[in-house]
Structures are given as structure tokens and as C-alpha cells.
Amino acid sequence: VTTIQPTNEPPTVNLQEAANPKVESSHQGGGGWLKKSTMNLENSITSLPGGGGVGFNSNDRDNTRSSSNPRFDELDGIIKVKLAEADMYQSRADDARRESEALKRIAVSKSERIEEEYSGRISKLRLPEAEEMRKQKFDELQGVERAYQEYFNMKMRMETDIKDLLLKMEAKRRNLAM
């Protein structure tokens, strides 16, 4: 006589053996246990919401497991908490990413606007300065040209006057020497 000691863990069932109810165990009387566990597995699957067919999902499987063992309840609670934390942190990260992108766009637009304003002010400041400087240099150039022209005219008059004086002096010398 074999004695089975109770454990807190549910019996493990090979899914291939569960799918084929004709498979018999090598132990005498073991086939009945297999058939019972297979029937229990099928009954638990078909009793799930959605009929256990195509609509069977992992949450349904977790619900059947959690009802049989309190450790699964505890692990399931921890998993749900961790998933909620992960979702919360992911949403915070997404919000922070969106906010940083918005701030970056604002900073870029402000910097472009400041650059345009700066260049506009510089061009406004330098354009009148440049125009004033050009007028000043033009006036200086005209003054220098007038002064050069006056100097040239004066030089030409002085040369002609000196030639005239030299001719007159030569003529007087000839008149005196005769």
C-alpha cells in the first residue's frame, strides 16, 4: 500500500498525456488517476468564461491556478502591482518625453526669434552707421579732390608766374647789358 502525502503544490499534468485519454500508466490502477485528472482538466477548461476554446487567455488560466493555491494569489498580486508600476513609470516617461520635446521646440523657436531680432537690430544699427560713414568718407574724398585741384591750379599758376618773371628778368638783364 502506497501512501500519498498531501502537499501544497497542485499535481502536474503532462499536456500530451492529458490530450490522449487512452494512454495508460505503467502502474496498476494508475490509468484511473490519469483519466480523472484529464477529465478534471477538460471540465475546468470548458467551465472557464469563453468556453475554453479560442477565447481562452492567460488571465483565465491564472484565475484557475490562483484559486487552487494561495502562493499564486500572492504572486499574481505582486505581478499586477509590478505591471501597474511599470505602466505608471512608462506613462511618466512618455509624459516627460513629450514635455521635453515641447520645451525643445519652444527653446528652438525662441532662439530663432532672438537670432532674427538680433540680426535685424544689428542690420538696422549698421545700415544708418554705414550710410553715415559713406557720406562722411565721400565728403572727405570730395574735400581732398578739391584741395588737390586747388593745389594743382595754384602750382600751375605759380609755374607760369615764375616763367613770366624769369622771362622778364632775362629781358631786363639784356636791356641793362646793352
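The values are calculated or read from the model by the stated rules, or taken from the named source; none is laboratory data. Keep in mind the model is a prediction, meaning the values are calculated, not measured. Calculation scope for accessible area: heavy atoms of the full protein, side chains included, ligands and nucleic acids excluded. Shrake-Rupley method; radii C 1.70, N 1.55, O 1.52, S 1.80 Å.
Data for the structure
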item	result
Accessible area of the stretch 76-140 divided out per residue, in Å², using a probe of 1.4 angstrom	93 Å²
ASP73 accessible area, assembled protein chains, probe 1.4 Å, Å²	80 Å²
Area of MET88 that stays accessible when all protein chains are in place (1.4 Å probe, Å², to 10)	70 Å²
Karplus 3J(HN,Hα) series, Hz, for the stretch 151-165 with 6.51 cos²θ - 1.76 cosθ + 1.60 (x for Gly, Pro)	4, 5, 5, 5, 4, 5, 5, 5, 4, 5, 5, 5, 5, 4, 5
